[in-house]
Each structure stands twice: as C-alpha cells, then as structure tokens.
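The structure appears below as structure tokens.
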Amino acid sequence: MTKTVHIIIACLDALPPSRVQRLVEVFPFPTKLDLVRLSLPKKAFTKKSGKWHAERILSYLSNQLKHLKQDKHWTTRAHIRKILGIVDVDLYFKKPSYLFGLSEFGNDAVISVHRLKPHFYGEAHDEELFQERAFKVAAHELGHAFGLGHCRTKRCIMTYAKTVGNIDDQHDEFCNPCKEKLIVSVSKKSSKVKLKSKG
Ligand SMILES: [Zn+2]
Ligand SMILES: [Zn+2]
C-alpha cells in the first residue's frame, strides 16, 4: 500500500503562494499538505550582504520539523515527511550571489519567491506568472529533497534553472524518468546522502 507523503509548507514571514496547493497533484504518490507560519531565524541574516543564509534556514527548519512531528495534529500515517520553507528575502549559500532555492538531497528544502516576481526585474506585476514560477521552484526543490538530481530532459521541472527565464521555459511537471525515480525514492523511504543542491 502506498502511504501518504506529508509536506509541510512553512512560510517564514512570507505569504504562501496559492499555487503551491498544486503540489498535491505533481508528485506520483499521494501527498498531503499542511501550512505553518514561522518567523525567519534572525541568526540566518548576514549583515554584510543583506542576504539570508539558506543553509542556516534549512537547519532551523529541520529543527522545527522535529517539534512539529510531536504535534498530535500531524499523526497522519505518513512514512515520509518533508518541510519546505518559503521566504520572501534574498537567499545565498557559500558564494554571495543569490538562490531560488536550496535543498539537501533526501532532506528538506527552502525557496525564495523574492526574485520570482516580475516587478523585481522592472516588469509589470503578473500574478499568474509569479504563481507559476513559485509552484515550479517549490516542486523542483522538493524533487531534490526526494533525492532527484538535475534532469536533462528538455523542459522537465528538474532542469537546472539559473534565471527566471529558465524557470519559465520549464513545464510544470516532472518527466516520466523523474517520476519513476521519485516513486523509487519514496519506496526506499529516503536516502541519507548529505549533498546540497543549489538552485
Ligand atoms: Zn526529468
Ligand atoms: Zn535544482
């Protein structure tokens, strides 16, 4: 029997993009979403760059997840539980550039919607486009959190995206080989490989 995978969307001082609700449809296994609101951990802020350290946010999130697991509300019989942080500030990891997201393979993920808004690039607000990008980045980073690497299948949601243009070129779904890998990853429970994936 396929058990449900439980994804906790943690909004860290950010509004949840409504399109992330579609995450329940994009994975090839039953998925349940829950939303929590948390504050950004101040220790993750770097004064010098004015950006937030993505890895520190990830470790804060995995700590929060330990507490949340004890909450009776979440006694869902999920054999896998992931936490996806959403922030609306600039993230960085190692190099002081920026990130759309960071994930630890087989663990949790964080995304930033900050650079997904058209007006960040001086363009007119386009809610549809923003929501679509937020959904794709969320699914992509969760893909890493389930153990997927970058994919070379044209337009697969797991293709590497350096710019918003690359995100816009992606389809809003996983290609078939990626879906197969997701099923294998969930049936094996999770890999413990401690590799980080930027973007
Ligand atoms: Zn793929
Ligand atoms: Zn990636």
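Table for the structure above
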quantity	calculated
Cα-Cα P(r), the range 88-199, percent of pairs per 5 Å interval	2, 13, 22, 24, 19, 11, 6, 2, 1
Highest-MSF residue in the chain out of D71, D88, D168 [GNM, Cα springs under 10 Å]	D71
Neighbourhood charge, 14 Å Cβ-Cβ cut-off, centred on K66 and excluding it, Lys, Arg +1 and Asp, Glu -1	+1
Distance violations [Cα-Cα > 29 Å] among K3/K42; K47/K179; K32/K66; K3/K51	K3/K42; K47/K179; K3/K51
Magnitude of the charge dipole, the chain, Cβ model with Lys/Arg +1 and Asp/Glu -1, debye to 20	1100
Per-peptide average of other Cβ atoms within 10 Å, ordering 122-129, 157-164 highest first	157-164, 122-129
Dipole of the chain [Lys/Arg +1, Asp/Glu -1 at C-beta], most positive-end residue of S59, C178, V164	S59
Lys, Arg +1 and Asp, Glu -1 on Cβ, resulting dipole of the range 1-44 about Cα centre, debye, nearest 20	120
Net +/- balance of residues flanking H125 in space, Cβ distance below 14 Å, scoring K and R +1, D and E -1	-3
Debye intensity ratio in log₁₀ form over the Cα atoms of the chain, taken at each q of 0.12 Å⁻¹	-0.54
Length-normalised contact order for the chain - Cα pairs under 8 Å, 6+ apart - percent	22
Extension reserve of the K47-S97 stretch, reckoned as 0.36 nm per residue once the Cα distance is removed	16.6 nm
Antiparallel bridge percentage (DSSP; both residues within the chain; nearest 5)	30
Protection proxy ranking, peptides 131-143, 10-22, 52-64, 27-39, average beta carbon neighbours within 10 Å, highest first	131-143, 52-64, 10-22, 27-39
Residues of type aspartates and glutamates that K154 reaches as a straight line, Cα spacing below 14 Å, ignoring anything fewer than 8 places off in the same chain	D168, D169, D172, E173
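Every read-out reported here was derived from the displayed coordinates using simple, explicitly stated rules and does not represent laboratory data. All figures in this text were calculated on a predicted structure; none of them were measured in a lab. Every residue, glycine among them, receives a Cβ derived from its backbone with ideal geometry; neighbour counts consider all protein chains shown.
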